[in-house]
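Below is one structure, written out as structure tokens, with a few remarks after it.
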Amino acid sequence: MTTGNSFPLRHAIAALVIAAAAGGFPAAIAQTESKAKWDLAQLMQDLRQVKAARGRFVERRYLAILNTPLESSGTLVYIAPGRLEKHMLLPRQESLTLDGDTLLIENKETGQRRRVVLQEQPVVWAFVESIRATLAGDLQALNRFYEVSLEGDASRWRLRLKPTEPRMREVASEIRVSGNGTWVGVIEILDAGGDRSVMTITRDAA
């Protein structure tokens, strides 16, 4: 993923936040004791137990103007309650760090740094706050921003988030998060314009 002209800053932030807020890495959390009682509320309760996590990602961005997807890879880090890091290693070295309400973008190759205050980006700020509701396990807040549906069971599930706020629908038409227990393996973002990105996450062996 890049923060250049081809990919809006708001998309970069959205992808970063979704990855961690949805429990985007493997976490050592016990499975739900009773599958019969497993539902959206239980899934949210399980995922919000994540206090720190690491994973490796491969992200493929499918654009209508290109015949082959653009691919990037690197590592993801989450530290509760609100520090998220995305370190891209290929095709270049770039880091996005979200700490509180501030995003720091660093190009490791050129040394360039850019700091973004989320309140100065209203659409992005609203998007981030709604996703953070997932981290907090605040289903009521999540429902304020999304039409939420859950498919499957604890062993194989998919969470579908459809933005209900018009400005947010300009960023993404739908977000699909697929997982197994508390392991989130795939995050797909469907852009409003028809493009999409698919992030696959695996355990960091380090």
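Given the conditions (1) more than 23 Å from ARG203 (Cβ to Cβ); (2) outside any loop (DSSP other than H, G, I, E, B), report the number of the one that LEU66 does not fulfil.
(2)
If you check every pair at least six apart or on different chains, which have Cβ atoms under 6 Å apart with a residue in the range 30-56 that is more than 28 Å from LYS86 (Cα to Cα) first and a residue that is at pLDDT 75 or above and surrounded by fewer than 18 Cβ atoms within 10 Å (Cβ to Cβ) second?
Taking only residues 6 or more apart or on different chains, the pairs are THR32/GLN42.
I want to confirm something. Restricting to the range 84-108 and keeping residues that are among the basic types (Lys, Arg) and in a loop (DSSP other than H, G, I, E, B), which single residue is modelled with the highest pLDDT?
ARG92
PRO81 versus (1) in a loop (DSSP other than H, G, I, E, B); (2) under 29 Å from GLY181 (Cβ atoms); (3) modelled with pLDDT of 90 or more: which is the lone unmet condition?
Only one criterion is unmet by PRO81, namely (3).
For the range 43-63, how many residues meet the condition of being in a strand (DSSP E or B) and of a type outside the set (Lys, Arg)?
Number of matching residues: 7.
Please go through the range 160-188 and give me each residue that is touching a helix residue (DSSP H, G or I) at 6+ places or on another chain (Cβ under 7 Å) and either under 23 Å from TRP38 (Cα atoms) or of a type in the set (Ser, Thr, Tyr) (or both), ordered by number.
THR164, ILE175, THR182, ILE187
Tally up the residues in the range 170-201 that are assigned to a strand (DSSP E or B) and either among the basic types (Lys, Arg) or farther than 23 Å from ALA64 by Cα (or both), please.
9
For ARG167, only one of the following conditions fails: (1) assigned to a helix (DSSP H, G or I); (2) under 14 Å from the mean Cα position of the chain (by Cα). What is its number?
(2)
For the subset of the range 81-104 comprising residues that are surrounded by 14 or more Cβ atoms within 10 Å (Cβ to Cβ) and over 14 Å from the mean Cα position of the chain (by Cα), which member is farthest from VAL117 (Cα to Cα)?
Looking at residues that are surrounded by 14 or more Cβ atoms within 10 Å (Cβ to Cβ) and over 14 Å from the mean Cα position of the chain (by Cα), I get LEU89.
How many residues, within the range 68-104, are within 19 Å of VAL58 (Cα to Cα) and not hydroxyl-bearing (Ser, Thr, Tyr)?
So the answer is 18.
The values are calculated or read from the model by the stated rules, or taken from the named source; none is laboratory data. None of the values given here were measured: they were computed from a predicted structure. Methodologically, a virtual Cβ is constructed for each residue, glycine included, from the backbone with ideal geometry; neighbour enumeration extends over all protein chains shown.
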